[in-house]
Amino acid sequence: MRGYAGRACAGLLLALFVLCAAVWLSPPLQAQQELPREPLAIETAAGKRLFEVEVARTDRQQAIGLMWRTEMAADHGMLFDMGATRHINMWMKNTPLSLDMLFIARDGRVVSIASHTTPFSTDRITSEAPASAVLELLGGSAERLGIAPGDVVRHFLFGSPP
């Protein structure tokens, strides 16, 4: 009797663990509603580039990001305020759009760019240098607009309005 109860209890605990893991690991059911847009400018060698960006400030907003979005205007983007300066890891899980990820230092300087990211990929996309924010634009935007490392991003997050 004791062996049967122990196996039953272990089986029940395993089933409960699997259920909890499935719920915890499952993605949200839909894209988050658009966040309020804010102005942002990037000063490039070719001139100032203007955007309207959604700012992901909370952990939940950042976890969802642009997942499930199938379109985005060429002058829009999403800015992730990561808080502390560090090497940042991103991914493209559940994201059908190819994006350019601009990794930005606390002073607003672009420290690295990951161009033409692969939709739906779970591969890590890591900043080449410590950064405190990430700006996601449509894939190819950096090349098309002449945005390069060293350019300066103007936004209230960096203490410099656009």
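The set of residues in segment 57-96 that are of a type in the set (A, V, I, L, M, F, W, C), under 22 Å from Ala41 (Cβ atoms) and touching a residue at least 24 places away in the same chain (Cβ under 8 Å) comprises Leu66, Met72, Ala74, Met78, Leu79, Phe80, Met82, Ile88.
Residue by residue through segment 30-75, note down the ones that are within 14 Å of the chain's Cα centre (by Cα) and within 14 Å of Leu137 (Cα to Cα). Across segment 30-75, the qualifying residues are Val53, Glu54, Val55, Ala56, Gly65, Leu66, Met67, Arg69. Can you name every residue in segment 117-142 that is in contact (Cβ under 8 Å) with a residue 40 or more places away in the chain and either part of a loop (DSSP other than H, G, I, E, B) or surrounded by fewer than 21 Cβ atoms within 10 Å (Cβ to Cβ) (or both)? Passing the criteria: Ser127, Ala129, Pro130, Leu138, Gly139, Gly140. Which condition number does Ala148 fail, the rest of (1) in a strand (DSSP E or B); (2) touching a residue at least 60 places away in the same chain (Cβ under 8 Å); (3) open to solvent by 30 Å² or more (accessible area, probe 1.4 Å) being met? With (1) in a strand (DSSP E or B); (2) touching a residue at least 60 places away in the same chain (Cβ under 8 Å); (3) open to solvent by 30 Å² or more (accessible area, probe 1.4 Å) applied to Ala148, the lone miss is (1). Is it the case, given these coordinates, that Pro130 is of a type outside the set (Val, Ile, Thr) and at pLDDT below 95? For Pro130, the condition - of a type outside the set (Val, Ile, Thr) and at pLDDT below 95 - is not met.
The values are calculated or read from the model by the stated rules, or taken from the named source; none is laboratory data. Nothing here was measured: the structure is a model prediction, and the numbers come from that model. All Cβ positions, even for glycine, are placed from backbone atoms using ideal geometry, and neighbour counts span all protein chains on display. For the accessible areas, the whole protein counts, side chains as well, though only heavy atoms, and no ligand, DNA or RNA atoms are used. Shrake-Rupley method; radii C 1.70, N 1.55, O 1.52, S 1.80 Å.
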